[in-house]
Amino acid sequence: MEKRAETAPRGAHVRPAPDKQRRVVVRYADGTMLRGYFDPEDAQSLQNDSPDVFRVKREDGETEDIFVRTIKAIFFVKSFEGSRHYSEFKVFTNQPNGRGVWVRVHFQDGEIMEGIAPNSLDTYMQTVFSLTPPDPRSNNERVLVSKACLKEMQILGLAAD
């Protein structure tokens, strides 16, 4: 199984995000990444309005404009550090709980990830969609996936509480 960002160890100090902003790791299609902060309202706008550009406040406090066409995904994370000793699972081991569509995405770079996506037309029509990862102990709380970097998206079933 592949390994990626992980959870912070128990008792680890996690620096709070400024104001209401959320910690994100922007993964670009070319494999590079950017750590920073993202306003939750901008995340909603990115999903609903499909803008061409969005802004991330970098760790150094500077703001950077990001072109949507250049990203693979935006990972909303608990911490920037994660834990090297935890190996996240990226697929469900059995029928998932929650509400939405259980999907498996195949990225063009070979990464495979499963999660729960909203059961709405926007999931299929917009340029990005939200995915809740399968591992609750993962450092990743939510992922905004760019369809431009997908090779395939499979619907595996419905998740219902």
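No lab work stands behind these numbers, since they all come straight from the coordinates. Since the model is a prediction, treat every value here as computed from it, not as a measurement. Note that each Cβ is placed from the backbone with ideal geometry, even for glycine, and that neighbours are counted across all protein chains shown.
How would you rank 37, 86, going from fewest to most other Cβ atoms within 10 Å of each one's own Cβ? Please report the intermediate quantities before stating the final value.
Working: 37 19, 86 16.
By the 10 Å Cβ count, ascending, the order reads 86, 37.
Assuming 0.36 nm per residue, please report the length gained on full extension of the stretch residue 151 to residue 97 beyond their Cα-Cα distance.
Working: separation 54, 0.36 × 54 = 19.44 nm, distance 2.60 nm.
Contour length minus Cα-Cα distance gives 16.8 nm.
What's the extension gain from residue 53 to residue 20 if we count 0.36 nm per residue and subtract their Cα-Cα distance? Mind showing how you got there, number by number?
On the way: separation 33, 0.36 × 33 = 11.88 nm, distance 2.06 nm.
Extra length available between residue 53 and residue 20 comes to 9.8 nm.
Roughly speaking, what is the stretch gain from residue 106 to residue 42, that is 0.36 nm per residue apart minus the C-alpha to C-alpha distance, in nm to one decimal?
Working: separation 64, 0.36 × 64 = 23.04 nm, distance 2.56 nm.
Full-extension gain reported as 20.5 nm.
Straight-line reach from residue 72: which lysines have a Cα under 20 Å away, not including same-chain ones fewer than 8 places off?
3, 57, 90, 147, 151
Which ordering of 72, 20, 90 is given by a fewest-first count of other beta-carbon atoms within 10 Å?
Ordered from fewest to most neighbouring Cβ atoms within 10 Å, 72, 20, 90 come out as 20, 90, 72.
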